[in-house]
Amino acid sequence: MERQLILFMVTLGAVILLITCAVRGNMERLVSMIMRGLLGAVGIHFVNGFLAGLGITMGIGINLVSLLTIAILGIPGFLGLYALGFYQFM
């Protein structure tokens with residue numbers, strides 16, 4: 001139950017941020033976040049494929065939380081997800 005509440009709060013925060021950006025006329029930020037999220041999903045897909053080819057099953061899942069992390073933080077979020085995955089793998 002706690003995990004679902006955290007996921008709901010993160011999703012709600014992201015939706016509020018997106019609506020605020022759209023209302024204030026910061027369409028550039030909104031498009032930038034969407035592009036970072038899409039490119040992050042593609043990046044996760046390719047890195048997971050590369051790691052699977054090496055026999056490492058540490059792949060990061062493509063889900064709402066990982067995409068929001070990458071969309072908001074960019075490259076540091078992408079690297080942070082894999083750092084957490086590596087830590088969990090060890």
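The values are calculated or read from the model by the stated rules, or taken from the named source; none is laboratory data. Just so you know, these numbers come straight off a predicted model, no measurement behind them. In this analysis, Cβ positions are derived from the backbone assuming ideal geometry, glycine residues included, and neighbour counts consider all displayed protein chains.
When the residues of region 45-71 are narrowed to those that are hydrophobic (A, V, I, L, M, F, W, C) and either loosely packed, with under 13 Cβ neighbours inside 10 Å or in contact with a Ser or Thr (Cβ under 7 Å, 6 or more places away or on another chain) (or both), which ends up farthest from Leu7 (Cα to Cα)? My answer is Leu54.
The rows are residues; the columns are (1) among the polar types (S, T, N, Q); (2) over 27 Å from Ile16 (Cβ atoms); (3) in contact with a helix residue (DSSP H, G or I) (Cβ under 9 Å, 6 or more places away or on another chain); (4) touching a residue at least 12 places away in the same chain (Cβ under 8 Å).
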site	(1), (2), (3), (4)
Leu38	no, no, yes, no
Ala41	no, no, yes, yes
Leu54	no, yes, no, no
Met58	no, yes, yes, yes
Leu68	no, no, yes, yes
Ile75	no, no, yes, no
Gly80	no, no, yes, no
Met90	no, yes, no, no
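Here is a yes/no grid of residues against (1) charged (D, E, K, R); (2) closer than 27 Å to Met90 by Cα; (3) modelled with pLDDT under 85:
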residue: Arg24; (1), (2), (3): yes, no, yes
residue: Glu28; (1), (2), (3): yes, no, yes
residue: Ala41; (1), (2), (3): no, yes, no
residue: Ile44; (1), (2), (3): no, yes, no
residue: Asn48; (1), (2), (3): no, yes, no
residue: Ile56; (1), (2), (3): no, yes, yes
residue: Asn63; (1), (2), (3): no, yes, no
residue: Ala71; (1), (2), (3): no, yes, no
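Considering each residue of region 10-24 in turn, at least one proves to be surrounded by fewer than 12 Cβ atoms within 10 Å (Cβ to Cβ) and of a type in the set (Lys, Arg). Leu79 falls short on exactly one of the conditions (1) surrounded by 14 or more Cβ atoms within 10 Å (Cβ to Cβ); (2) part of a helix (DSSP H, G or I), and that condition is (1).
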